[in-house]
Amino acid sequence: MPQLNVLVVGATGSVGRLVVSEALRRNHKVRALVRNASSARLPEGAEMVVGDVTKPDTLEPALEGMDAVVLTLKADGQGRAAAEAVYYRTFLDILAALGGRSLRIALMTTIGVTERHGHYNRTNEGHDWKRRAERLVRRSGLPYTIVRPGWFDYNAADQHRLEFLQGDRRHSGTPSDGVISRQKIAEVLVESLTSDAATRKTFELVAETGPAPTDLNPLFAALRPDPEDALDAVLDLDNMPLDQEPDRVRRDLDLISRYRATA
Ligand SMILES: NC(=O)c1ccc[n+]([C@@H]2O[C@H](COP(=O)([O-])OP(=O)(O)OC[C@H]3O[C@@H](n4cnc5c(N)ncnc54)[C@H](OP(=O)(O)O)[C@@H]3O)[C@@H](O)[C@H]2O)c1
C-alpha cells in the first residue's frame with residue numbers, strides 16, 4: 001500500500017481523531033490541522049499544524065507536501081454563516097492554496113444531505129452548504145470520495161455489516177435512516193484514499209446486522225461513479241436547480257471549472 005502524506009481537517013473531532021489513528025495505523029504520515037495547539041490531544045506520531053479553515057492563509061502551509069486530505073468538520077454554532085464558511089468556503093480556499101497541484105480528497109458529509117425542508121436545514125442550511133461543498137469537489141476535477149454517514153454510534157452490538165447506498169433517499173432525520181460506528185467511518189474514509197475503486201464515488205454509509213467486511217474494495221467497486229462534470233451524485237434527487245442557487249455559488253462553480261481547465 002502506498003504511504004501518503006495525509007492532512008486531517010477536523011482532527012480533534014469525534015470522527016477526525018479516529019481518522020488520525022486509522023491513518024497512522026496504515027502507516028500514512030499524518031498531519032492534523034488544529035485550532036488550539038494547547039488543548040489538542042493527538043495520537044503519538046501525528047504532526048500538528050495550527051490552522052483554522054475560516055483563515056485561508058493558514059491552509060497553504062497546512063497543505064504543503066500533502067498527497068491527500070480528509071475533511072470531517074463540524075461548524076461551530078447553528079448559523080447559516082458558519083455552515084457556509086466551514087462546510088463550503090473551506091473547499092474554495094483549499095483549491096486556491098493548492099495553486100494547481102492535485103490532491104486526493106475524502107469528504108464526510110451526511111446521510112440526508114439532499115433533504116432540504118426539514119428542521120435542521122431550515123435552521124442553518126447545513127445540508128445545503130454541505131451539498132454545495134460536494135458540488136465543488138465534483139467540479140474540481142480532483143480525485144475524491146464523498147462519504148455520507150448515517151447516525152454515529154447508534155448501531156447495535158451486532159451491526160457491523162457495511163452497506164454503501166446511493167441516491168440519498170432516507171430523509172426522516174432520525175436514526176431510522178441508518179446507523180454507523182465512528183470507527184467504521186474513519187476506516188472507510190482512510191481506505192478510500194488508496195482505492196482506485198473508490199474514486200469519484202459518493203455514497204451513504206450505514207451498518208446492518210452481520211459481520212464487518214474484510215475488504216472494502218468490492219463495496220467501492222459495486223458503486224456507480226458520479227458522472228464526469230455532474231454537480232450531484234449519480235442517483236441524487238434533482239432538487240437543487242442551479243438557476244435557483246445564490247449568485248455567488250454559481251460564480252464559484254464557474255471559477256472552479258476554470259481552475260480545472262487550467263490545472
Ligand atoms: N452525529 C451524527 O450522527 C452525524 C451523522 C452524520 C453526519 N454528521 C456530521 O458529522 C459532523 C460532526 O462530526 P464530529 O462528531 O467528528 O464533529 P466534532 O466532534 O464536533 O468535531 C468537529 C471538528 O471540526 C473542527 N473545526 C470546526 N471549525 C473549525 C475551523 N473553523 N477550523 C478548523 N477546524 C474546525 C473542530 O475543531 P476544534 O476541536 O478546534 O473545535 C473539530 O476538530 C457534522 O458535520 C455532522 O453534521 C453527524
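None of the figures in this text is laboratory data; all of them are computed from the coordinates on show. This one's a predicted model, so the numbers in the text were calculated from it and none came from an experiment. We place every Cβ from the backbone using ideal geometry, glycine too, and count neighbours over all the protein chains shown.
Using 0.36 nm per residue, how much length does the chain from Arg258 to Gln78 gain when fully extended, once their Cα-Cα distance is taken away?
Numbers: separation 180, 0.36 × 180 = 64.80 nm, distance 3.25 nm.
Answer, rounded to one decimal: 61.5 nm.
Using modelled backbone amide H atoms (1.01 Å from N, in-plane), which distant-in-sequence or interchain residues come within less than 5 Å of Thr202's amide H?
Amide H neighbours of Thr202: Ile146, Asp226, Val234.
Longer than 22 Å from Cα to Cα, which of Lys55/Lys184; Lys55/Lys201; Lys74/Lys184 are they? Say none if no pair is. Walk me through the numbers before you get to the answer.
Numbers: Lys55/Lys184 30 Å; Lys55/Lys201 29 Å; Lys74/Lys184 18 Å.
In this structure, Lys55/Lys184; Lys55/Lys201 exceed 22 Å between Cα atoms.
Add -39500 (n - 2.57) for each DSSP H run of 4 or more in the chain, then divide by its residues: what number comes out at 222 nm, to the nearest 500 deg cm²/dmol?
Values: 9 runs with 81 residues, N = 263.
Value at 222 nm, helices only: -8500 deg cm²/dmol.
Compute the distance in nm between two label points, each set 7 Å from the Cα along the Cα-to-Cβ direction, one at Asp243 and one at Asp196.
Between Asp243 and Asp196, the label points sit 4.1 nm apart.
Placing +1 on the Cβ of each Lys and Arg and -1 on the Cβ of each Asp and Glu in region 5-262, which of Ala222, Val8, Pro56 has its Cα farthest towards the positive end of the resulting dipole?
It is Pro56.
With only alpha-carbon atoms in the gyration tensor, what are the semi-axes of the equivalent ellipsoid for region 144-231, in Å, largest first? Before the final figure, lay out each step's value.
Values: eigenvalues 88, 51, 20 Å².
That gives 21, 16, 10 Å for the three semi-axes.
How many angstrom lie between the Cα centre of region 38-106 and the Cα centre of region 200-254?
Between the Cα centre of region 38-106 and that of region 200-254, the gap is 21 Å.
Sorted from largest to smallest, which semi-axis lengths in Å does the alpha carbon gyration tensor of region 186-263 give for its equivalent ellipsoid, taking the root of 5 times each eigenvalue? Please list the in-between numbers first.
Numbers: eigenvalues 188, 53, 22 Å².
Output for region 186-263: semi-axes of 31, 16, 11 Å.
How big is D, in µm² s⁻¹, for region 5-262 by Stokes-Einstein at 4 °C and 1.567 mPa s if Rh is the Kirkwood radius over C-alpha pairs?
Numbers: Rh = 18.3 Å.
The estimated diffusion coefficient comes to 71 µm²/s.
I need Asp177, Asp67 ordered by Cβ neighbour count within 10 Å, fewest first. The partial results should precede the final answer.
On the way: Asp177 21, Asp67 18.
Ordered from fewest to most neighbouring Cβ atoms within 10 Å, Asp177, Asp67 come out as Asp67, Asp177.
Taking the convex hull of the Cα atoms, report for region 75-121 its projected area averaged over all directions, in nm².
Values: hull surface 16.8 nm².
Its average projected convex-hull area is 4.2 nm².
If you put +1 on each Lys and Arg Cβ and -1 on each Asp and Glu Cβ, how big is the dipole of the chain around its Cα centre, in Debye rounded to 20?
Working: 35 positive and 37 negative charges, 66 e Å.
Roughly 320 debye, rounded to the nearest 20.
Return the FRET efficiency for the residue pair Glu44, Asp215: r is the Cβ-Cβ distance, R0 is 22 Å, and the value is rounded to the nearest 0.05. Numbers along the way, then the final one.
Details: r = 28 Å, r/R0 = 1.29.
In this case the efficiency is close to 0.20.
Using a 7 Å offset from the Cα along the Cα-to-Cβ direction at both Glu208 and Lys55, what is the distance between the two label points in nm, to one decimal?
Calculated label separation equals 4.7 nm.
For a quick check, take a GNM of the chain with Cα springs below 10 Å and name the residue from Asn27, Asn239, Asn217 with the largest mean-square fluctuation.
Asn239
I'd like the antiparallel share, as a percent to the nearest 5, of DSSP beta bridges with both residues in the chain. Display every interim value, and only then the final one.
Values: 5 of 34 bridges.
The answer is about 15 percent antiparallel.
Select from Val70, Val86, Val249 the residue whose mean-square fluctuation is largest in a Gaussian network model of the chain (Cα-Cα springs shorter than 10 Å).
Of Val70, Val86, Val249, the Gaussian network model singles out Val249 as fluctuating most.
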